[in-house]
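The values are calculated or read from the model by the stated rules, or taken from the named source; none is laboratory data. Everything numeric in this text was worked out from a predicted model, so none of it was measured. Ideal geometry is used to build each Cβ from the backbone, glycine not excepted, and the neighbour counts take in all protein chains shown. Ligands, DNA and RNA are excluded from the accessible area calculation, which covers all protein heavy atoms including side chains. Shrake-Rupley method; radii C 1.70, N 1.55, O 1.52, S 1.80 Å.
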Amino acid sequence: MRKEPLDRPPVAVFTQSATIGQMDAVGCAWPEAHSDAKMMAKLGAAQATVFGFEAVRSSFCLTAEAERLGCNVDPGKKDRTPMLKKHPFNFDPMSDVYDEPNLMDPEEFLKGGRPAVIIEATRLMADEYGKEYPVIAGNTGPFTLAGHMVSTENLVFGIMMNPEEVHKWIAAVNPIVKAYSQALSDAGADIIQMSEPSSSTDLLSPDMFTEYSGNYVKDSLACVKDAYSVLHICGDTSAILPLMADTGVTGCSIEEKVDSAEAVKINNGRVALVGNIGVVHPLLQGTPEDCAAAAKRIAAAGFNIVSPGCGLSALIADENLRAVVKAIKG
Amino acid sequence: MSEKLDALIDIVVTGKMKLAKDATQACLDDGIDAKTIIFEGLSKAMAIVGDKYAAKQYFLPQVLLSANTLYQGLNLCLPLLQGDGSASKGTVVIAVVEGDVHDIGKNIVKAMLTGLGLNVVDLGKDVPIKDIIASAQENNASIIAESTLMTPTLAGMKQCEADLKENGLKGKIKTMIGGGATSKEFAEQIGADGWSYDAVEASHLAASILGIQ
Ligand code: B12
């Protein structure tokens, strides 16, 4: 994370890390592990204890905060992550109807629901594995969380129709995001990995990024005390990578849609680069050889940490993950 | 082409939502019929938007704005089409498969099929396969049209073919599929009766399946 020159980059899963193989190996599975701190700690450590990756990570989804704030969530299955079912607030740019963002206080937010479970799991992981491995805690970014509350489509459409209402909502969720990020650090996380998929260039144009996402990330994530901060965004991030670094985070985690060497060039040493092995190709559909080759290529390109580029599919084969570890650690 | 229609295309492409209704009305007042407005105007406009998106001149917010602008015009035109009482040409049940909420493309295909004079039953987005089949039976539909833009939800389309077969409906109810994640090869592989790249082609496809025109 400090971008120091090393013989080889560390290899770790910075994004959602659990797979069926790990669930079976440690005897803790989804959906229960999403809401039980002990199970989450055990399963979140499995990337290290089962495969030899060099980190442990708490939380497996991006719905915990939204659920705490009133969204309806389908808990998913052993092989399927939870999915948002309903947005509690009305935000309709077509009919010009916008609910006020009446959300719970940040302190209240931290006390219950799955955020409290994840904080507790992070604490357990820091106690049990913290000496040996860095503890990563994953959470949800401000634009993404605001989208969860009012529907991402409507929020994005609102940028064209009524930007003030959009800002009102992101500004309302951001103190919660900030308090939660700090609480995860206080619980012992060494790294906060914030995922902000809804501000990818598939949803926002690059010239909207800083105004609707970057500035808020700067205020909530980049100022977390006693932990490194990593901003994860999916899709083709080549146009926004410099803007992601402008938020002041320690690292950026990106997908394989950006060529690894190209990303290193764009980044020009500004932040630690984390990524960018493809989750579908090669991890899910490729062979162990394909996976090892991708990991080696990314290390050679100059990434600071070799990691999958996005959350793992639970169906990824053990051999493919082992091949990644072996390719880097030898 | 008519100036009025060109003006409407420009309004949709640039997302001037408040002007869309009046511009559509102006076309109608000029004697351009609703079907022509949809086929030669609105759908052309959305194709231009698609090209701009592919060229990274447009991003999602602009696409959404154009789509909502297009809906303003569609809402004026669609009732006029249903007015010709041509439901007898055939019924299509259209839906976006379960797990997928992308419905802009489906809505445009729906407009085209309506423009063709078909009776279109729209089940919306994120629809379970069993509901699609049940509705097709209930409405005595000749065609099930399914849309998906996402790879993980392709499985639903395959499921639909299997379920139709199991219920002895395969061939009696024809299927056509489309949306970004699909391809001609995929359609052939799962045994769908047709695939098309865009909405205009989708209307030709439906016409040929039903043997009209
Ligand atoms: C708009 C959009 C959204 C909007 C959808 C709004 C809405 N109401 O539809 C919102 C913001 C909600 C959205 C959300 C998401 N999206 Co999105 N989205 C898009 C985007 C930018 C444009 C799609 C669109 O409307 N195009 C315009 C229409 C007119 O074109 P079309 O749909 O292709 O339809 C034409 C043809 O395909 C055909 N057709 C369509 N249907 C049918 C049906 C039949 C029967 C026939 C014959 C023909 C036909 O005719 C149409 C007209 O010519 C695409 C990018 C892209 N390149 O497509 C991504 C894209 C589809 N999204 C994607 C993703 C990943 C998501 C999210 C998962 C993002 C996230 N991380 O949260 C969520 C999905 C939520 C869910 N469960 O569905 C991916 C899908 C990747 C994949 N292969 O699986 C894409 C491809 C972006 C990308 N490059 O990664 N998205």
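Here the accessible area is traced with a 1.4 Å probe on the protein chains. For the protein assembly as shown, carbon and sulfur cover 51 percent of it.
According to the Cα gyration tensor, what semi-axes, each the square root of 5 times an eigenvalue, does the equivalent ellipsoid of chain A have, listed from largest to smallest in whole Å?
30, 23, 18
Bridging of A:LYS38 to lysines at a Cα separation below 27 Å is possible for A:LYS77, A:LYS78, A:LYS85, A:LYS111, A:LYS131, A:LYS178, A:LYS225, once same-chain residues fewer than 8 apart are set aside. Among A:SER95, A:SER229, A:SER151, the largest mean-square fluctuation in a Gaussian network model of chain A (Cα springs under 10 Å) belongs to A:SER95.
Within the range A:20-329, antiparallel bridges make up roughly 20 percent of the DSSP beta bridges whose residues both belong there. Accessible surface calculations at 1.4 Å, restricted to protein heavy atoms, place chain A at 38 Å² per residue.
Accessible area of A:ASP207 (1.4 Å probe, protein heavy atoms only, ligands and nucleic acids ignored): about 130 Å². Divided by 2.2 N^0.38 Å, where N counts the residues, the Cα radius of gyration of the range B:3-81 comes to 1.01.
Spread over its residues, the convex hull of the C-alpha atoms of the range B:91-210 is 81 Å³ per residue.
Length gained on full extension, A:ASN72 to A:ASP202: 44.3 nm, using 0.36 nm per residue less the C-alpha separation. Note on exposure: A:ARG114, A:ARG8, A:ARG68 ranked by accessible area (1.4 Å probe, complete protein assembly) read A:ARG8, A:ARG68, A:ARG114, with the most exposed listed first. Any chance you could give the angle, 0 to 90 degrees and rounded to 10, that helix B:43-54 forms with the longest Cα principal axis of chain B? Value to nearest ten degrees: 80. Averaging the Cα positions of each part gives two centres, and for the range B:174-207 and the range A:266-308 these lie 36 Å apart.
The modelled label-to-label distance between A:LYS329 and A:ALA171, using points 7 Å beyond Cα along the C-beta direction, is 4.8 nm.
Compared with its chain on its own, the range A:155-178 contains the following residues whose accessible area drops by 30 Å² or more in the full protein assembly (probe 1.4 Å; ligands, DNA and RNA excluded): A:VAL156, A:PHE157, A:MET160, A:MET161.
Could you tally the net charge around B:LYS4, taking each other residue with its Cβ under 10 Å from the Cβ of B:LYS4, Lys/Arg +1 and Asp/Glu -1?
-4
Would you please give the FRET efficiency between B:LYS16 and B:SER183, computed as 1/(1 + (r/R0)^6) with r the Cβ-Cβ distance and R0 = 60 Å, to the nearest 0.05?
The value I calculate is 0.95.
Largest first, the three principal axis extents of the alpha carbons in the range A:85-174 are 54, 23, 23 Å in whole numbers. Comparing the chain by itself with all protein chains present, which residues of the range B:1-18 are at least 40 Å² less accessible (probe 1.4 Å)? By number: B:MET17. Bridges between two residues of the range A:27-157, per DSSP, are antiparallel at a rate of about 65%.
Measuring only protein heavy atoms, the 1.4 Å probe finds B:MET17 accessible over about 30 Å². Here the range B:95-128 and the range B:40-67 have alpha carbon centers that stand 18 Å from each other.
Taking the longest Cα principal axis of chain A as reference, the axis of helix A:288-301 is set at about 80 degrees.
Leaving ligands and nucleic acids aside, the A/B contact buries around 1300 square angstrom of accessible area in total at a 1.4 Å probe radius. Once the Cα atoms are used to define both axes, helix B:60-82 deviates from the longest principal axis of chain B by about 80 degrees. When A:GLU32, A:GLU164 are compared by accessible surface with a 1.4 Å probe, the order from highest to lowest is A:GLU164, A:GLU32. What shape does the range B:1-140 take by its C-alpha gyration tensor, where a ≥ b ≥ c are the square roots of the eigenvalues and a/c under 1.5 counts as rounded, a/b above b/c as prolate, and the rest as oblate? Taking the square roots of the gyration eigenvalues as a ≥ b ≥ c, the range B:1-140 is oblate. Adding -39500 (n - 2.57) for every DSSP H run of four residues or longer, then dividing by how many residues the protein assembly as shown holds, sets the calculated 222 nm ellipticity at -14000 deg cm²/dmol.
Of all DSSP bridge pairs formed entirely within the protein assembly as shown, close to 10 percent run antiparallel.
Inter-chain Cβ neighbour count for B:55-61, averaged per residue, equals 6 (cutoff 10 Å, partner chain atoms only).
If you sort B:VAL200, A:VAL73, B:VAL92 by accessible surface, 1.4 Å probe, largest first, the order is B:VAL200, A:VAL73, B:VAL92.
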